[in-house]
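S.K.: This structure is in structure tokens; I'll ask about it shortly.
Where a number appears in this text, it was derived from the coordinates with a stated rule and is not lab data. This is a predicted model, so every value here is computed, not measured. Note that we place each Cβ from the backbone using ideal geometry, even for glycine, and neighbour counts take in every protein chain shown.
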């Protein structure tokens, strides 16, 4: 019995000390940032991120620190990681826009209906799309239950049923698009000026150059090489070490 009490006490002390230590490190990182010691702030923030990899505030602060260090690629990467968890965060979206302005020869995105739809989808997190789908399914079941029990006018319920089924179908499409967006391997270029080749080797034909901060997705890999597709549809192979995973 005494051993259990001691073990519980040790666990509580470890949790308490870990919380206090984390708080002290966060204060230290913020002070480094205020003092413009960005290299030290970055090291401290990244150390904290190891224990809280989904912390939006840490991802955001690391993005800000990289921006101050003039490393646009990493800055964009961390802002986009933060937006995965809080897609409607205005501060993150604003700073991401600022960082993107520093990208050399940024690729223009086709202004198609699909691109507009995907832009709206990007504002919705995976959890949010799941809750919308579950809520719409519940509403459909509720309407059909009312139809079976004849709780209300059948004509009104039939109209409501049609609307609810259509809404549920749209919610399912939204969830599918969000799942697809999260499942794709998006990356950002972190090298100042990277060469893009026609195949997974630097002896292949040089297609074009891509600058730091360009956002793209990986469509294939081979060894230490990745085939990327830019926002404008251009494709080519680039060393994986020149990319930062979003």
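A quick yes/no check of all residues on (1) in a helix (DSSP H, G or I); (2) surrounded by fewer than 16 Cβ atoms within 10 Å (Cβ to Cβ):
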position	(1), (2)
162	yes, yes
165	yes, yes
168	yes, no
173	yes, yes
176	yes, yes
180	yes, yes
196	no, no
200	no, no
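S.K.: For region 143-153, which positions are assigned to a helix (DSSP H, G or I) and loosely packed, with under 12 Cβ neighbours inside 10 Å?
M.R.: If the condition is that a residue be assigned to a helix (DSSP H, G or I) and loosely packed, with under 12 Cβ neighbours inside 10 Å, then 145, 148, 149 are the ones that fit.
S.K.: When region 232-241 is examined, which residues are found to be under 16 Å from residue 209 (Cβ atoms) and assigned to a loop (DSSP other than H, G, I, E, B)?
M.R.: 232, 234
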